[in-house]
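Peer 1: One structure coming up, written as C-alpha cells, with questions to follow.
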Amino acid sequence: MKLSRNWLRQYVRLYATTEELQRAITFLGFEVEGVVSTGGRLPVNPSGGLKAKGHPIGATGVSMHVLAAMQLMGEAGEMQVPGAELAGVFNMGGSAVASYVSILERAR
C-alpha cells in the first residue's frame with residue numbers, strides 16, 4: 001500500500017521526520033518500499049495534490065498545469081522542486097471517459 005504524508009496528516013498529528021516515520025512503520029512490521037519527497041529523485045504533488053485543494057471539478061486540470069508551469073519557471077515558492085526542467089500532468093474527466101497527459105518542458 002502506498003500512502004502520502006499529507007494524506008496521513010488528515011488522520012494523525014505527525015511530529016516525526018520522514019526518516020523517523022519510516023523507522024516506526026518498519027518497526028510495526030510494514031515494509032517501506034521508498035519515500036517520495038520534493039527533494040527526491042521523482043517528486044510527486046509538491047502542492048499536496050487535488051485532495052489538498054478540495055478537488056474543484058473543472059478547475060483541476062487548469063490548476064495542475066498552472067502549478068507545473070510555476071515549477072518550471074522557478075516560481076512555486078515553498079513547493080519549489082529545485083532544478084525542475086520537466087513536468088508531467090495526468091488528468092481524467094467525467095466517468096474516466098476523457099483522459100490526457102501533458103509533458104511540459106522548461107524553455108531555454
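The values are calculated or read from the model by the stated rules, or taken from the named source; none is laboratory data. Note that the structure is a prediction, hence the values are computed from the model and not measured. Using ideal geometry, Cβ is built from the backbone for each residue, glycine included, and neighbour counts are taken over all protein chains shown.
Peer 1: Quickly run through segment 35-57 and pick out the residues that are closer than 17 Å to THR18 by Cβ and of a type in the set (D, E, K, R).
Peer 2: Listed by number, the list holds a single entry, ARG41.
Peer 1: Between residues in segment 52-80 that are assigned by TED's automatic domain parsing to the domain that holds ASN91 and residues that are of a type in the set (Lys, Arg) and surrounded by fewer than 17 Cβ atoms within 10 Å (Cβ to Cβ), which pairs lie under 7 Å by C-beta distance while being six or more apart or on different chains?
Peer 2: Going by the 7 Å Cβ cut-off, the qualifying pairs are SER63/LYS53; LEU72/ARG106.
Peer 1: What residue, among those in segment 24-37 that are among the small types (Gly, Ala, Ser) and either closer than 23 Å to GLY77 by Cβ or surrounded by 10 or more Cβ atoms within 10 Å (Cβ to Cβ) (or both), is modelled with the highest pLDDT? Outline the logic, then answer.
Peer 2: Initial filter on segment 24-37 (among the small types (Gly, Ala, Ser)): 24, 29, 34, 37.
Those left that are additionally either closer than 23 Å to GLY77 by Cβ or surrounded by 10 or more Cβ atoms within 10 Å (Cβ to Cβ) (or both): 24, 34, 37.
Numbers: ALA24: 85, GLY34: 75, SER37: 69.
Here the residue is ALA24.
Peer 1: OK, next. Suppose we filter segment 82-102 for residues that are surrounded by 10 or more Cβ atoms within 10 Å (Cβ to Cβ), touching a strand residue (DSSP E or B) at 6+ places or on another chain (Cβ under 9 Å) and modelled with pLDDT of 80 or more; how many remain?
Peer 2: Residues that pass the stated criteria total 12.
Peer 1: Taking only pairs six or more apart or across chains, which ones have beta-carbon atoms under 9 Å, a first residue in segment 38-49 that is on the phi > 0 side of the Ramachandran plot, and a second residue that is in a loop (DSSP other than H, G, I, E, B)?
Peer 2: Cβ pairs passing all conditions: ASN45/SER4; ASN45/VAL36; GLY48/SER4; GLY49/SER4.
Peer 1: Among the numbered criteria (1) under 11 Å from the mean Cα position of the chain (by Cα); (2) modelled with pLDDT of 75 or more, which one does LEU50 miss?
Peer 2: Of everything listed in (1) under 11 Å from the mean Cα position of the chain (by Cα); (2) modelled with pLDDT of 75 or more, LEU50 misses just condition (2).
Peer 1: If I go through segment 38-68 residue by residue, how many of them are surrounded by fewer than 14 Cβ atoms within 10 Å (Cβ to Cβ) and outside any helix (DSSP H, G or I)?
Peer 2: Residues that pass the stated criteria total 11.
Peer 1: Now a separate question. Only residues that are outside any loop (DSSP other than H, G, I, E, B) and either at pLDDT 85 or above or among the polar types (S, T, N, Q) (or both): list them for segment 8-23, please.
Peer 2: Residues satisfying the conditions are THR18, GLU20, GLN22, ARG23.
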